[in-house]
1. Within the range 311-320, is there a residue that is modelled with pLDDT under 90 and within 20 Å of Ser214 (Cβ to Cβ)?
2. Quick check on this structure: which one of Gly216, Gly293, Gly231 is of a type outside the set (Ser, Thr, Tyr), modelled with pLDDT under 95 and over 19 Å from Ile319 (Cα atoms)?
3. All but one of (1) modelled with pLDDT under 95; (2) surrounded by fewer than 17 Cβ atoms within 10 Å (Cβ to Cβ) hold for Phe166, so report the exception by its number.
4. Output the residues belonging to the range 201-217 that are over 17 Å from Thr152 (Cα atoms) and surrounded by fewer than 21 Cβ atoms within 10 Å (Cβ to Cβ).
5. Kindly state which helices (runs of 4 or more DSSP H) lie completely within the range 378-432 and contain at least 1 residues that are touching a residue at least 60 places away in the same chain (Cβ under 8 Å).
6. I want to confirm something. Restricting to the range 55-73 and keeping residues that are at pLDDT below 90 and surrounded by 15 or more Cβ atoms within 10 Å (Cβ to Cβ), which single residue is nearest to Asp106 (Cα to Cα)?
7. Give the residue that is surrounded by the fewest Cβ atoms within 10 Å (Cβ to Cβ), with candidates limited to residues of the range 105-128 that are over 24 Å from Lys184 (Cβ atoms) and either out of contact with any Phe, Trp or Tyr (no Cβ under 9 Å at 6 or more places or on another chain) or of a type in the set (Lys, Arg) (or both).
8. Go through the range 190-226 and give me each residue that's assigned to a helix (DSSP H, G or I) and touching a residue at least 40 places away in the same chain (Cβ under 8 Å).
Amino acid sequence: MELLPDDALLEVMKYLKIEDLLACRLVCRRLGALAMLPELWRHQRFKLVCGDETPRYNECSVLRLAPCLRAWHVNVPLEKFHTLYSTTRCAVNKLTLSLNNVSGKDALQASLVIRNQAALGRLRRLSLGPCSWKSVLDDVEAAVLLGTVASTPGLEELKIEGFLSFAPSLLDGLHRSFPGASLKSFEHHPQSPDEEPFCDLILSTHAATLESVSLGYYPLISTSASTLLAGMPHLRRLRCGMMPGLEAVAGCEQLRLLHLCVAYDGEALATAEFLRRATQLLKVRLQCVPYVGMAPSSDMDFVLALAATGRSHLEDLSINVEDWHQDHIPQQQQSLLKALPRLPALKHLEVHGEANDELLLGITPANAPALRTLNVFTISSVECAHDALHRGAVQKLLSLNPELEFSTYVQSYCSTGGRCAWCSLGCHQEMRDDTLCDNADWFTIPRWEIVE
């Protein structure tokens with residue numbers, strides 16, 4: 001080993017875990033010096049735990065000796081708040097603070113941890129939550145924590161979970177501490193109107209740099225969020241529920257990925273108009289909230305809206321209709337079949353719901369020329385993938401679309417109890433021997449010749 005150059009040793013030592021790097025300090029002076037080089041620590045992840053989960057190495061040793069870390073996960077409150085947590089020189093790229101049953105004092109300690117890491121200069125990703133409070137924080141304590149988050153310079157990713165309310169006074173003065181736009185990704189799922197102002201604060205102050213925004217599924221009531229989103233020049237990825245003025249976001253020329261929770265009430269017309277205008281989208285996932293009563297009118301049909309112009313660049317479409325009322329499934333599938341010819345670039349289609357024969361027989365190279373993968377969660381009256389293989393509509397689908405890969409979420413073969421008619425015959429033993437035989441999962445239906 002003495003003959004090996006340092007570069008060769010470093011290549012091997014990159015595979016060592018944290019406890020092994022610390023142990024190298026006790027082997028010899030040369031290994032001890034190499035073990036403390038930043039390139040061996042930049043990929044390391046460290047989770048600060050307590051109680052019976054204490055790891056073999058001492059967390060204080062890591063915080064005292066390690067030059068840097070890729071990620072540091074801290075569960076707050078800690079049994080004992082060591083000063084090293086807020087004074088360590090170990091600079092991390094990602095800091096995650098899980099706040100469980102925290103008090104005001106715990107929130108202040110979390111603020112100190114964030115401030116110290118911000119001062120070290122490597123902090124780029126910050127995750128706060130999930131949060132639950134032991135007692136109601138007063139405005140001062142909550143403002144210190146949220147103010148620290150909002151004023152942390154250089155952040156590129158920010159994720160906040162579990163803050164159930166934000167008093168208006170919390171936002172006072174936060175604009176004055178704004179460090180400059182830097183965020184590329186922001187994730188915060190507001191579940192009440194009280195949470196929207198803080199969300200708007202982050203969106204407004206980082207509008208110039210944000211590329212990915214995730215606002216969850218809760219429908220927003222303010223028009224400010226859509227206005228702020230519409231003004232983001234680099235927005236590429238958006239996850240949100242319905243909100244007033246959403247149609248304006250279609251003007252974001254860089255927007256490519258959309259995950260949208262939709263419902264046939266409130267802002268349905270604005271949402272449909274947004275989908276009609278956003279022809280630049282490449283990947284869309286529609287999470288459909290079940291509706292009760294009469295089916296929606298055609299001007300609120302979100303699937304048809306995607307295809308309305310015929311100029312869509314959409315390549316990947318996922319529709320979650322698993323909870324639709326059975327009476328409405330045929331209409332939704334008819335809408336999808338009507339939309340397909342006007343989605344010429346569509347390559348991947350996934351339907352999280354029940355597919356009937358009409359849908360399967362309606363997909364052909366003529367109306368879906370680019371389609372290469374089709375995933376349906378269930379097929380009407382089909383119990384397993386083997387059962388689907390013998391289904392006439394499935395065979396017709398595969399024969400008409402020679403380049404299509406078709407999958408459904410089932411077990412590959414019925415188990416010994418309650419077998420379907422085809423599994424009872426015992427044919428296609430290869431499917432019975434599949435690892436998915438006893439568990440449901442996505443299963444690709446093979447292109448085998450069926451002899452009835």
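1. Yes, some residue in the range 311-320 is modelled with pLDDT under 90 and within 20 Å of Ser214 (Cβ to Cβ).
2. It is Gly293.
3. (2)
4. Glu211, Ser212, Ser214, Gly216, Tyr217
5. Where helices (runs of 4 or more DSSP H) fall fully within the range 378-432 and carry at least 1 residues being touching a residue at least 60 places away in the same chain (Cβ under 8 Å), they are 385-389.
6. Glu59
7. My answer is Lys105.
8. Phe198, Leu201, Ile202, Thr205
The values are calculated or read from the model by the stated rules, or taken from the named source; none is laboratory data. These numbers were taken from a predicted model, which means no experiment stands behind them. All Cβ positions, even for glycine, are placed from backbone atoms using ideal geometry, and neighbour counts span all protein chains on display.
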